[in-house]
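The values are calculated or read from the model by the stated rules, or taken from the named source; none is laboratory data. Just so it is clear, the model here is predicted, and its values are computed rather than measured. Cβ coordinates were reconstructed from backbone atoms using ideal geometry, including for glycine residues, and neighbour counts include every protein chain displayed.
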Amino acid sequence: MTTQTERQYSITEVLVKTTYQISVHKEPSFDRMPIGFGAGFFLNYKKHLFFITADHNIHFDDHALNERTGVDNHVGILNNVSDKANFSTVMSPVGGFYFMESFDISKEDLDFQLFDVAISLVDRTKFEAPFLTDEEFLDADGVQLVAAKAHKFELSEEHIAQPSTEDCYFIYGKIKPQLKGLILHRENTFKENISYVASAGSYLLLNTAEEITDSKDWEGLSGSPVLNQNGQCIGVLCSVNEGSKAVFVKPFSKIMPLLDLIIVQEQLERDKKL
């Protein structure tokens, strides 16, 4: 896992190398089959490394009920380092997620909402394997855009951007998981030509070029970074509305205060141990 260097990268390469696939399990051992999949990304912020994903990837029962059930599932990030002899692949567990709720004291029912972003402050020295791309990507002329088994990227503060109606947005990920024997197959998808419309409550509303006719074409993308044509990130993909063009993204304006709070909280915890 590396930070981006100064050379120019295609948007395809940036998408593939900044989006990390996660597997969600009921047991911390990861011995049994996953109960869900999603995506996330690493962000270097104020000299700390965070892993960010959509909270409903981890707490999907909570979001179905719009309440905290107290059940925490377990997340592994796919390293794409495989042992073909044993039909296995390396996963790096990541935990200690902060997850939040919001409410409005001016309203009688408090307008309780789950905040659909989960954040973990991680220690890179705990990772025992590198994070690599899992396959090669070629353009229509057969020119390599992304090499297989290349090191992936972390995003930095300089890659955070405000949404703009003048920019075009892109999302990458894997959808439609299917087990064939012991092998998990998923489809790559690149969502492009997405435009920013306006703020919508605590989200950004973006529109796809065509109507979203099947939400399963997006399942597995939750938690992905949403990038503009310059490889800058405006936030975390949270949901889409089938039968419309609507894509909802949690912006960094809502996330960054939480990152600051986590840094303070972690420092307080360290001070207590001294």
Next item on the list: Pick out, from segment 120-191, the strands (runs of 3 or more DSSP E) lying fully within it that include 2 or more residues that are among the basic types (Lys, Arg).
Entry: 169-180
Margin query: Just checking, does segment 217-238 include any residue being in a strand (DSSP E or B), touching a residue at least 12 places away in the same chain (Cβ under 8 Å), touching a Ser or Thr at 6+ places or on another chain (Cβ under 6 Å) and closer than 20 Å to HIS56 by Cβ?
Written below: yes
Notebook entry, point to check: If you scan segment 249-274, which residues turn out to be more than 23 Å from the chain's Cα centre (by Cα) and surrounded by 15 or more Cβ atoms within 10 Å (Cβ to Cβ)?
Noted result: none
Note to self: Restricting to segment 239-248, and then to whatever is part of a loop (DSSP other than H, G, I, E, B) and among the polar types (S, T, N, Q), can you tell me which residue is farthest from the chain's Cα centre (by Cα)?
What the structure shows: SER244
Notebook entry, point to check: Just wondering, is there one or more residues in segment 221-228 that are farther than 16 Å from ALA39 by Cβ, buried (at least 18 other Cβ atoms within 10 Å of the Cβ) and modelled with pLDDT of 95 or more?
Noted result: yes
Check: Within segment 80-91, is there a residue that is at pLDDT below 95, out of contact with any helix residue (DSSP H, G or I) (no Cβ under 8 Å at 6 or more places or on another chain) and under 25 Å from GLU269 (Cα atoms)?
Finding: no
Next item on the list: Write out, first by first residue and then by second, each pair whose Cβ atoms fall under 7 Å of each other, whose residues are 6+ apart or on separate chains, and whose first residue, in segment 45-56, is touching a residue at least 24 places away in the same chain (Cβ under 8 Å) while the second is hydrophobic (A, V, I, L, M, F, W, C) and outside any strand (DSSP E or B).
Entry: TYR45/LEU259; LYS46/ILE263; HIS48/ILE263; PHE50/LEU259
Check: Is it true that some residue in segment 161-176 is touching a Cys at 6+ places or on another chain (Cβ under 7 Å) and either more than 20 Å from ASN57 (Cβ to Cβ) or touching a residue at least 24 places away in the same chain (Cβ under 8 Å) (or both)?
Finding: yes
Margin query: What's the number of the only condition in (1) crowded, with 19+ Cβ neighbours inside 10 Å; (2) modelled with pLDDT under 95; (3) not β-branched (Val, Ile, Thr) that HIS56 fails to meet?
Written below: (2)
